[in-house]
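A quick write-up on the structure given underneath.
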């Protein structure tokens, strides 16, 4: 019984870090995933990882042990939140595209978050989720989790002073990623506005305002159809071994 109790005392902080990641991670931590699946995934991952980890002895004092638990939960939530920022950049790209196309006021309910999101943002999120699993981005996420136990050892003190600055840099890089993803289609929409402005000046009899909305929607959908193969390639690189997802997780672990 004493050996079992000692095993559980070392096992529980590892499970708490993994549960924090599972709760905050994109897709697998969404509202549409049953709680039983999340609990099962947490337990299975902990059972697989715990025997190969070098877990330091747990503190004997109860307050110190609870401090370790809280810290492990924050580490797991931070890793999951860092991965979620990559998908937030994809949402941002969809929102930047929806506004010039005329879909800015048309929203649908996202079952993952329960929030209303633009149509193209939801389409891009679903496509990104498919690519995420097809290129084994979930493997990279759990590999980063396993590496976090070496980079962020259990039982250490408070996070480093540079963590807020690193979080701001991650936010900035993800905003830049969202702008990059939306730039080709937004550029096409801007050129369409310029062309319609020229038509309005050259042929005043044409009602440009009645022509603008259907023309821009049709042009936007055609551009989206043309750009989907390149978009898939870019997202595969984002979720790849050396992509933005891995970079964000490494930056967070290095700063914690």
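Every number here is computed from the coordinates shown, using simple stated rules; none is lab data. The shown structure was predicted, so the numbers you read here are calculated from the model rather than taken from an experiment. As a convention, Cβ positions derive from the backbone with ideal geometry for all residues, glycine included, and neighbour counts pool all protein chains shown.
What the table below lists for this structure:
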read-out: Rel. contact order, % - alpha carbon contacts under 8 angstrom, at least six apart, the chain; value: 24 percent
read-out: Gap separating the Cα centres of segment 198-222 and segment 30-75, nearest whole Å; value: 57 Å
read-out: 222 nm mean residue ellipticity, helices alone, for the chain (DSSP H n ≥ 4; -39,500 (n - 2.57); rounded to 500); value: -26500 deg cm²/dmol
read-out: Relative exposure of 87, 66, judged by other C-beta atoms within 10 Å (fewest first); value: 66, 87
read-out: Residue order, fewest to most beta carbons within 10 Å, for 50, 176, 231; value: 176, 50, 231
read-out: Residue list for segment 6-26, given a label point 7 angstrom along the Cα-to-Cβ vector of residue 52 and an amide N cut-off under 17 Å; value: 14-15, 18
read-out: At R0 = 25 Å, FRET efficiency that the Cβ-Cβ distance of residue 200 and residue 126 yields, to 0.05; value: 0.10
read-out: Degrees between helix 163-202 axis and first principal axis of the chain (Cα, 0 to 90, nearest 10); value: 10 degrees
read-out: Interatomic Cα distance distribution for segment 20-72, bins of 5 angstrom, percent; value: 4, 16, 19, 19, 20, 14, 7, 2
read-out: Net lengthening on full extension, residue 222/residue 247 (0.36 nm per residue, minus Cα-Cα); value: 5.7 nm
read-out: For the chain, built as a Gaussian network whose Cα springs stay under 10 Å, the top-fluctuating residue of 101, 189, 210; value: 210
read-out: Residue 179 versus residue 39: modelled label distance in nm, points set 7 Å from Cα along the beta carbon direction; value: 4.6 nm
read-out: Gyration tensor (Cα) of the chain, equivalent ellipsoid semi-axes in angstrom; value: 46, 17, 15
